[in-house]
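As structure tokens, the structure follows; a few thoughts come after it.
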Amino acid sequence: MIHQYDEPVYLISIVAKILDIHPQTLRQYERENLICPARSNGRIRLYSQRDIDRIKLILRLTRELGVNLAGVDIILRLKENVDGMETEIAELRYEVERTKNSYAVSPSKAMVTKRSIYDIIIFEK
């Protein structure tokens, strides 16, 4: 059975075994608000593949780069901001292209010149 990337299916013991860490480490990351696993009706933590990938990033930052958990929190927040901005830029680029392709006047026939503080638009035939 194949699970979706965001589908919470892994128990804390499984994630700890996969990542070779103690379950208390995962609980600590949750207390520090670095991860937020889903909960079952019985309040059992369930992790998705996205959660596991985020934990891998946290482990890399702490183990390989020596970043403390406060630094990890800042890095993760900045990463989320950058990801959001990249999405927004992609949407704006798409909108610019869509607008370019829907001109009422052909771009080759339209000309904008600046002669004063006012913009003058001249349409050539």
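The values are calculated or read from the model by the stated rules, or taken from the named source; none is laboratory data. From a predicted model like this one, the values you see are computed outputs, not experimental measurements. Here the Cβ positions follow ideal geometry from the backbone for every residue, glycine too, while neighbour counts run over all protein chains shown.
May I ask you to list the residues in segment 60-77 that are under 20 Å from ASP6 (Cα atoms) and buried (at least 16 other Cβ atoms within 10 Å of the Cβ)?
If the condition is that a residue be under 20 Å from ASP6 (Cα atoms) and buried (at least 16 other Cβ atoms within 10 Å of the Cβ), then LEU76 is the only one that fits.
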Out of curiosity, is ILE35 modelled with pLDDT of 95 or more, surrounded by 15 or more Cβ atoms within 10 Å (Cβ to Cβ) and in a helix (DSSP H, G or I)?
no
